[in-house]
Amino acid sequence: QQQVRQSPQSLTVWEGETAILNCSYEDSTFDYFPWYWQFPRESPALLIAIRPVSNKKEDGRFTIFFNKREKKLSLHITDSQPGDSATYFCAAIASSGSWQLIFGSGTQLTVMP
Amino acid sequence: AQTIHQWPVAEIKAVGSPLSLGCTIKGKSSPNLYWYWQATGGTLQQLFYSITVGQVESVVQLNLSASRPKDDQFILSTEKLLLSHSGFYLCAWSPGQKDTQYFGPGTRLLVL
């Protein structure tokens, strides 16, 4: 059962373009959505996170847009840089119930110089 | 500042041999601790979590076990490795229930 879905599986953009990574979920009790990025042969690191009390979270060039009604999120990376090339994971957890942080399958982003 | 250390960095083991991986966190008392497994090119699968010393909950069965002998230590082990155990093992911590989880550097395991 795939509770958190990500698309596309891979994405290539040119330096300076905006990359859009998508995430959707099934469980309406999910109420915390962290995004992690993972560089080759490294462990995942927290990039940005959002709770459904707001529909947008911004941190520099990284912005999460959240649509609670459609159970969808997207991560926008503006002015993409080659150093942004990594695998991005969307995750979700419910504050009540299971302790399990559920990860999507990831989007591999490549930013071409 | 909190630091999380995992050992060993990497292991090559034979099928059927035992395994013990460790994780230590410093700078935070009573953290929530987690073990994850990641296949090469795959997503992260939570294996265990622990909210206090001596208590460990299993999330998914992979013929592995976990223990928390000290407040700052989390151990992952098995008596008999399978080929399917190969992958990247990550320890993570969070300050409280359902808070952001922070990952350690990981241990790469290859079972032959």
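The values are calculated or read from the model by the stated rules, or taken from the named source; none is laboratory data. On a predicted model such as this, the values are computed, not experimentally measured, just so you know. Note that each Cβ is placed from the backbone with ideal geometry, even for glycine, and that neighbours are counted across all protein chains shown. These accessible areas exclude ligands, DNA and RNA; they are computed on the full protein's heavy atoms, side chains included. Shrake-Rupley method; radii C 1.70, N 1.55, O 1.52, S 1.80 Å.
Under the criterion of Cα pairs below 8 Å and six or more residues apart, the relative contact order for chain B equals 35 percent. The fraction of accessible area contributed by carbon and sulfur in chain B is 54 percent, rounded to a whole number (1.4 Å probe; ligands and nucleic acids excluded).
Plugging the Kirkwood radius over Cα pairs into Stokes-Einstein for the range A:1-59, at a temperature of 4 °C and a viscosity of 1.567 mPa s, what D comes out in µm²/s? Please list the in-between numbers first.
Working: Rh = 13.7 Å.
Rounded, D is 95 µm²/s.
Among the lysines of the protein assembly as shown, pairs that are 8 or more positions apart or on different chains and have alpha carbons within less than 22 Å of each other number 17. Dividing the convex hull volume of the alpha carbon atoms of the range B:50-109 by its residue count gives 97 Å³ per residue.
Expressed as a rounded percentage, what relative contact order does chain A have, with Cα pairs under 8 Å and six or more residues apart? Walk me through the intermediate numbers first.
On the way: 280 pairs, mean separation 42.3, N = 113.
Normalised by residue count, the contact order of chain A is 37 percent.
For the protein assembly as shown, the residue among A:Ile102, B:Thr43, B:Gln61 whose Cα projects farthest onto the positive side of the dipole built from Cβ charges is B:Gln61.
Note on the range B:56-112 and the range A:70-113: Cα centroid distance 22 Å, given to the nearest whole angstrom.
Stokes-Einstein diffusion for the range B:1-57 at 4 °C, viscosity 1.567 mPa s, with a Kirkwood radius from C-alpha pairs, works out to 96 µm²/s. Neighbours of A:Asp84, meaning other residues whose beta-carbon lies under 10 angstrom from its beta-carbon, give a summed charge of -1 when Lys and Arg score +1 and Asp and Glu score -1.
Within 10 Å of each Cβ in A:65-75, how many Cβ atoms from other chains are there, averaged over the peptide?
Details: counts 0, 0, 0, 0, 0, 0, 0, 0, 0, 0, 0.
The shielding value for this peptide is 0.
For the chain pair A and B, the buried solvent-accessible surface (1.4 Å probe, both sides summed) amounts to about 1800 Å². Shape annotation for the protein assembly as shown: C-alpha extents along the principal axes are 49, 37, 37 Å, from largest to smallest. Over the range A:53-113, consider all pairs of different Cα atoms and compute the Kirkwood hydrodynamic radius from their mean reciprocal separation; express it in Å, one decimal. Evaluated over the range A:53-113, this radius sits at 13.4 Å. With 10 Å bins beginning at zero, the pair-distance distribution over Cα atoms of the range B:3-111 amounts to 16, 52, 28, 4 %.
Note on the range A:4-112: along the principal axes its Cα atoms extend 41, 28, 21 Å, ordered by decreasing extent.
Simple rule: put +1 on each Lys or Arg Cβ and -1 on each Asp or Glu Cβ in the range A:4-112, find the dipole, and look at A:Leu47, A:Gly16, A:Ala91; the Cα lying farthest toward the positive end is A:Ala91. For peptide A:95-103, the mean count of partner chain Cβ atoms within 10 Å of a residue's Cβ comes to 6.
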